[in-house]
1. Filter the stretch 14-49 down to residues that are surrounded by 22 or more Cβ atoms within 10 Å (Cβ to Cβ) and over 27 Å from L142 (Cα atoms), then give me how many there are.
2. Out of C61, C39, I need the residue that is within 17 Å of R151 (Cα to Cα), modelled with pLDDT of 95 or more and not hydroxyl-bearing (S, T, Y). Which one?
3. Across the stretch 119-153, what is the number of residues that are touching a Leu at 6+ places or on another chain (Cβ under 8 Å) and closer than 29 Å to K94 by Cβ?
4. Return the pair list, or none, for Cβ contacts closer than 6 Å from residues in the stretch 164-183 that are at pLDDT below 95 to residues that are among the acidic types (D, E), at least 6 apart or on different chains.
5. For the stretch 196-208, give me the residue count where each residue is surrounded by 15 or more Cβ atoms within 10 Å (Cβ to Cβ) and over 14 Å from N37 (Cα atoms).
6. Which residue, of T176, T183, is of a type in the set (V, I, T), surrounded by 17 or more Cβ atoms within 10 Å (Cβ to Cβ) and outside any helix (DSSP H, G or I)?
Amino acid sequence: MRKEFYLVRHAESMENIGIESSVFDPGLSPKGLWQKNKCAEFLKKYCNSRTILLSSPFLRCVITSEAIAHTLGVKIRLEPALHEYFSAALFNIKKVKLPTLKKISAGHPAVTGAYSDDKWWPDSNEDRSALEMRLAMFRNRLLGSEFTSDRIICVGHWASVEALAKSLVPSMDVFTVDNVSVTRIDFDGRKCHLVFNNEVSFLNDRQV
């Protein structure tokens, strides 16, 4: 089955601008709230109401996904495989306490699906190989029969977007993953092909 994958990094978060750096799950900055709507408008050129929208459970990704869901008329499915890179530099794993998927779903009407109160984040910090393995396993799910739509949007973080993109197209170079950037990768039934990478030109018409 031919598929189009749209890999999206969340819009600018409060942590990205140096605010709420002690918060494990910050929301979006004022600029990020604007960015998510522009990204949603851009994706509407390619996607429709039959598109599957998958989001990391982190708040900055869910809020970004809500704009996309509203614009396309779809629901959000929480996907832990897209979560933030749990490196020792970012997280003290012993102190991390994030909402369960069930609680996140209850607080965001655009999220669909049945979720549990089980812990979904790792029990220990990841190294680079563990991150790459996580996203390689997710890539296999994307290319398999679990997701039946021919268009799938994945909203994640710098590390998860980069690792997933390289897993789909090993030869591609990823120099940066900008906030709210879109990378499109098409699967022709046998092989994945990069269509565009780190697309943010839709932000250029911002009025200041």
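The values are calculated or read from the model by the stated rules, or taken from the named source; none is laboratory data. Note that the coordinates shown come from a computational prediction; the quantities given were computed from them, not determined experimentally. Note that each Cβ is placed from the backbone with ideal geometry, even for glycine, and that neighbours are counted across all protein chains shown.
1. Residues that pass the stated criteria total 2.
2. None of the other options fit; the residue is C39.
3. 4
4. V174/E162
5. Going residue by residue through the stretch 196-208, those that are surrounded by 15 or more Cβ atoms within 10 Å (Cβ to Cβ) are 197-200, 202-203.
Filter once more, keeping what is over 14 Å from N37 (Cα atoms): 197-199.
Total meeting the criteria: 3.
6. Of the residues listed, the single one that is of a type in the set (V, I, T), surrounded by 17 or more Cβ atoms within 10 Å (Cβ to Cβ) and outside any helix (DSSP H, G or I) is T183.
Yes or no, residue by residue, for (1) more than 20 Å from A165 (Cβ to Cβ); (2) touching an Asp or Glu at 6+ places or on another chain (Cβ under 9 Å):
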residue	(1), (2)
H10	no, no
E15	yes, no
P26	yes, yes
G32	yes, yes
N37	yes, no
N48	yes, no
